Amino acid sequence: MSAIDVPLQKNRFGQTRRKDRWWIEPLFVFLGYLIFTVYANYALLANNYYELPGTQYLSPMYSPLLFRYAPGWWPAILPYSAAALILWAPLGFRITCYYYRGAYYKAVWLDPPSCTVGEPRKSYWGERSFPLILQNVHRYFLYLAIVFIFILSYDAWRGLWFDGPNGPGTQFGIGLGSIILILNPIFLGLYTFGCHSLRHLIGGRKDVISSSAVRQSCYNCVSYLNRRHMKWAWISMFYVGFVDLYIRLCAKGIWHDWRIF
Ligand code: FES
C-alpha cells in the first residue's frame, strides 16, 4: 500500500510543504458556494416569477407557498418574500450537514484550508463549545428535510396538471417542466437519505444490526448513498437553483416550456 509522508509542523497561514495542488478543491468549493448563495439570495428577495401561469409549476424555493402576500403579522419595515418563510429549513439542513461543514470550514473559513496547510487562526474552534455546538441541530433538521421531500413530491405531481377547459389544473399532461420537477425530489432524496444522522438513527447506534433484516437493508441503502453524499449534495443543491431558474425564465417569457403532450 502506498503512503504519503506529510510532515506535521506549525505553519504560517498558507504555508505548507505539500507539492500537490491542494488549493484547487477549496477554490472550487468556494466558487460553488458563492454562485449558489448569490443566486439563492436573488431568488429569495425577488419574490416573483416563482409560478408559471397555465401550469401548476411552483419553484422549490417557494414551496410550500404558505403566504403569497405578506400576512398581517409580518413587520411592515421588513421586505417580504414568501420564500423567507420556508427556506430556513432546507438551508439549515445544508449548513449543518457533515459534508458541508467540512467543506466550508476549509473553503470559506480556511480553518485549515487543507491538511497540513497553515491556517489564519491560532485557536481551535471545536464543535464541542459555543457557537459550533449548535451544528448538532442537524439531526432535527433531518426530520424537516424529509417532510420537504414529500412536499416537493406533491409539487412534482401537481406539475403534471395544466389549465384546461374545465378550469385551472384540470388537464393531465407532461411538459419539460413536469420532468424537471419530478427529478427534483429524487435528487434531494438521494442526498437526504444518505445523511450521516439518518445512518446513525437506523443502525449506527446499534451494536448488532444484522439481527433485523429490514434494519440491515435500510442501513445498507443509507450507507450506499452516504458514500456518495458529497456528489448528491452538490447535484441536489444546484438542481434546486436550476428548477427555480427554469420556472423563472419561463414565467418571464424568456424560455418556453416544451409541452410533450
Ligand atoms: S450529514 Fe449531510 S445531510 Fe446529514
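A few comments on the model shown:
- Filter result (at pLDDT 95 or above, within 30 Å of Ser223 (Cα to Cα) and outside any helix (DSSP H, G or I)) within region 164-209: Phe193, Gly194, Cys195
- Yes/no for Tyr62 being more than 16 Å from the ligand (Cβ to nearest atom), within 17 Å of the chain's Cα centre (by Cα) and modelled with pLDDT of 95 or more: yes
- For region 109-163, the set of residues classified as among the charged types (D, E, K, R), buried (at least 18 other Cβ atoms within 10 Å of the Cβ) and in a helix (DSSP H, G or I) consists of Asp155 only.
- Enumeration of residues in region 122-164 that are among the basic types (Lys, Arg) and away from the ligand (no atom under 15 Å from the Cβ): Lys122, Arg128, Arg158
- Any chance Phe193 is in contact (Cβ under 8 Å) with a residue 24 or more places away in the chain, surrounded by fewer than 16 Cβ atoms within 10 Å (Cβ to Cβ) and not β-branched (Val, Ile, Thr): no
A quick yes/no check of all residues on (1) under 19 Å from Tyr33 (Cα atoms); (2) touching a residue at least 12 places away in the same chain (Cβ under 8 Å):
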site: Ser197; (1), (2): no, yes
site: Ser210; (1), (2): no, no
site: Arg215; (1), (2): no, yes
site: Trp232; (1), (2): yes, yes
site: Val240; (1), (2): yes, yes
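- Output for region 54-78, where each listed residue is more than 21 Å from Gly253 (Cα to Cα) and touching a residue at least 24 places away in the same chain (Cβ under 8 Å): Ser63, Pro64
The values are calculated or read from the model by the stated rules, or taken from the named source; none is laboratory data. Quick caveat: nothing in here was measured; it's all calculated off a predicted structure. Cβ coordinates were reconstructed from backbone atoms using ideal geometry, including for glycine residues, and neighbour counts include every protein chain displayed.
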